[in-house]
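Student: Quick one: the structure is below, questions incoming.
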Amino acid sequence: MHREPATYNTYKQRLANYSSLDNNKITDLSLIDVQKCVNEMVKNKLSISTIKISHTVFNSFIKWVGINYNLKLPLLKGVTIPKDKSNSEKKALNSKELKKLIQFYKSRESYSLNYYISILIASKAGLRMGEISGLTWNDIDFDKGYISVNKQWKLLKETGEYGFGTLKSTNSFRTVPVSPSILNELELIKSNSPININRRIISTNNTASLNNGLDASLKKNFNITAHELRHTYATNLIANGLDFKTTAKLLGHDVEQTMRIYSHVTDEMFDVAKKLIAICAK
């Protein structure tokens, strides 16, 4: 099965965690051999999610070898992977925290303008990083007040290079309204920035490099990821009373997905309503 270059590189990185098995005959592999690799990943403090993904890729590789080379391979089921004890719930910033974060990246010349633009659009329009990287200035209608999401900037399997590509799903094609203050900020950036050859609002070519750098910076300074800025956008919409159907449309989700991810917000709203009812009943 053909994979995109980025996917291939990810698989290669995951299989590298099993490099200690390189000198073993695949037909002689034992459960203990594989468990040692998992234990080493735990010792090196890899995240549980990374260990799970690595093990899934390894198992898929073993299965592929067995089928394609008609080999009878040993059963390797029963590997123990520790449970993730960390809090997996996505973080959402409140309005005060978000304002502080945006101002931090706006006022610090040592940080890339690409970071600031990405943070602004992820937190105030809910776009994914690939979608932000794929935005061109003609996708922003400054008069009508919206952003048109119709492509992304990605590693293309046809060329092995970065370029404009299709979106994640049909739901991802959407029009997102943007506040006048954000539009004014973007217009100011446009007037003071050189126009690149593709008229993209982000100048970095390598999306993965931008994502990794921004995530590292956000983690260091605010203990949050770029994707959690999108999560912040959605959480604030629902907490302020926007219905799930409209929120899903703005995010490029389906309704069921949005309800599943953000159901905790309505639970919190329900708790607030109970407290208000109790106060009013006194």
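Student: Looking at the chain, identify the longest residue range that excludes and avoids all GluC sites (Glu not before Pro) in DSSP loops having at most 10 other Cβ atoms within 10 Å. Please list the in-between numbers first.
Tutor: Details: sites that count: 89, 109, 158, 161.
Segment 162-282 is the longest.
Student: If one takes the longest principal axis of the Cα atoms in the chain, at what angle in degrees, from 0 to 90 and to the nearest 10, does the Cα axis of helix 113-125 lie?
Tutor: 80 degrees
Student: What relative contact order, as a whole-number percentage, does the chain give when Cα pairs under 8 Å and 6 or more residues apart are counted? Before the final figure, lay out the partial values.
Tutor: Working: 294 pairs, mean separation 49.1, N = 282.
Relative CO of the chain lands at 17 percent.
Student: For the chain, with a Gaussian network of springs between Cα atoms less than 10 Å apart, report the residue from 137, 153, 64 with the top mean-square fluctuation.
Tutor: Answer for the Gaussian network model of the chain: 64.
Student: Dipole of the chain, Cα-centred, from +1 at each Lys and Arg C-beta and -1 at each Asp and Glu C-beta, to the nearest 20 debye? List each step's numbers first, then the result.
Tutor: On the way: 40 positive and 25 negative charges, 106 e Å.
Dipole about the Cα centre, nearest 20: 500 debye.
Student: Amide H neighbours of residue 146 under 5 Å, at least 5 residues apart or on other chains, H built in the peptide plane: list them.
Tutor: Residues meeting the criterion, in which the H sits 1.01 Å from N, are 141, 178.
Student: I need the phi-derived Karplus couplings for segment 170-177: 6.51 cos²θ - 1.76 cosθ + 1.60, θ = phi - 60°, integer Hz, Gly and Pro marked x.
Tutor: Values, residue by residue: 5, 5, 6, 6, 7, 10, 10, x Hz.
Student: Also: Restricting to DSSP H runs of at least four residues, report the calculated mean residue ellipticity at 222 nm for the chain, -39500 (n - 2.57) per run over all residues, nearest 500 deg cm²/dmol. Mind showing how you got there, number by number?
Tutor: Details: 11 runs with 154 residues, N = 282.
So the calculated ellipticity at 222 nm is -17500 deg cm²/dmol.
Student: Just flag the trypsin sites (Lys or Arg not before Pro) in segment 193-234 sitting in loop per DSSP whose Cβ has no more than 12 other Cβ atoms within 10 Å.
Tutor: Numbers: sites: 199, 200, 219, 220, 230; in loops: 199.
Answer by residue number: 199.
Student: Still on this structure: Under 5 Å between amide H atoms, partner at least 5 residues away or on a different chain: which partners does residue 173 have, H built in plane at 1.01 Å?
Tutor: none
Student: Any idea what angle helix 180-192 forms with the longest principal axis of the chain, computed on alpha-carbon atoms, 0 to 90 degrees, nearest 10?
Tutor: 70 degrees
Student: How big is the dipole moment of segment 134-282 about its Cα centre under a simple scheme where the beta carbon of each Lys and Arg is +1, that of each Asp and Glu is -1, and everything else is neutral? Debye, nearest 20, please.
Tutor: Working: 18 positive and 15 negative charges, 23 e Å.
Using only the charged Cβ atoms, the result is roughly 120 debye.
Student: Name the residue farthest towards the positive end of the dipole of segment 108-195 from the options 180, 126, 113, assuming +1 on Cβ of Lys and Arg, -1 on Cβ of Asp and Glu, about the Cα centre.
Tutor: The one lying farthest along the dipole's positive direction is 126.
Student: Shifting gears a bit: Starting from the Cα gyration tensor of segment 49-167, take the square roots of the eigenvalues, sort them a ≥ b ≥ c, and report rounded, prolate or oblate (rounded when a/c is under 1.5, otherwise prolate if a/b is larger than b/c, else oblate). Present the calculation step by step, with values, prior to reporting the outcome.
Tutor: Numbers: a/c = 3.32, a/b = 1.75, b/c = 1.89.
Oblate, since a/c reaches 1.5 and b/c is not below a/b.
Student: Something else: Once you have a ≥ b ≥ c as the square roots of the Cα gyration tensor eigenvalues for segment 5-68, tell me rounded if a/c is under 1.5, and otherwise prolate or oblate according to whether a/b is larger than b/c.
Tutor: On the way: a/c = 1.91, a/b = 1.10, b/c = 1.74.
The shape class here is oblate.
Student: Tell me, what HN-Hα J-couplings in whole Hz come from the Karplus equation 6.51 cos²θ - 1.76 cosθ + 1.60 at θ = phi - 60° for each residue of segment 206-222, using x for Gly and Pro?
Tutor: So the Karplus estimates, Gly and Pro as x, are 8, 5, 4, 5, 4, 4, 5, x, 5, 4, 4, 5, 5, 4, 5, 8, 9 Hz.
Student: Of 25, 63, 52, which has the largest mean-square fluctuation in a 10 Å C-alpha GNM of the chain?
Tutor: 25
Student: While we're here: Relative contact order for segment 5-68 using alpha-carbon pairs under 8 Å, separation at least 6, rounded to a whole percent?
Tutor: 45 percent.
Student: Translational D (Stokes-Einstein, µm²/s) of segment 95-270 at 37 °C and 0.692 mPa s when Rh comes from the Kirkwood sum over C-alpha pairs? Walk me through the numbers on the way to the answer.
Tutor: Numbers: Rh = 16.8 Å.
Using the Kirkwood radius from Cα pairs, D works out to 196 µm²/s.
FYI, it's all coordinate maths here, none of it is from the lab. Small disclaimer: the values here were computed from a predicted structure and weren't measured. All Cβ positions, glycine included, derive from the backbone under ideal geometry; neighbour counts span all protein chains shown.
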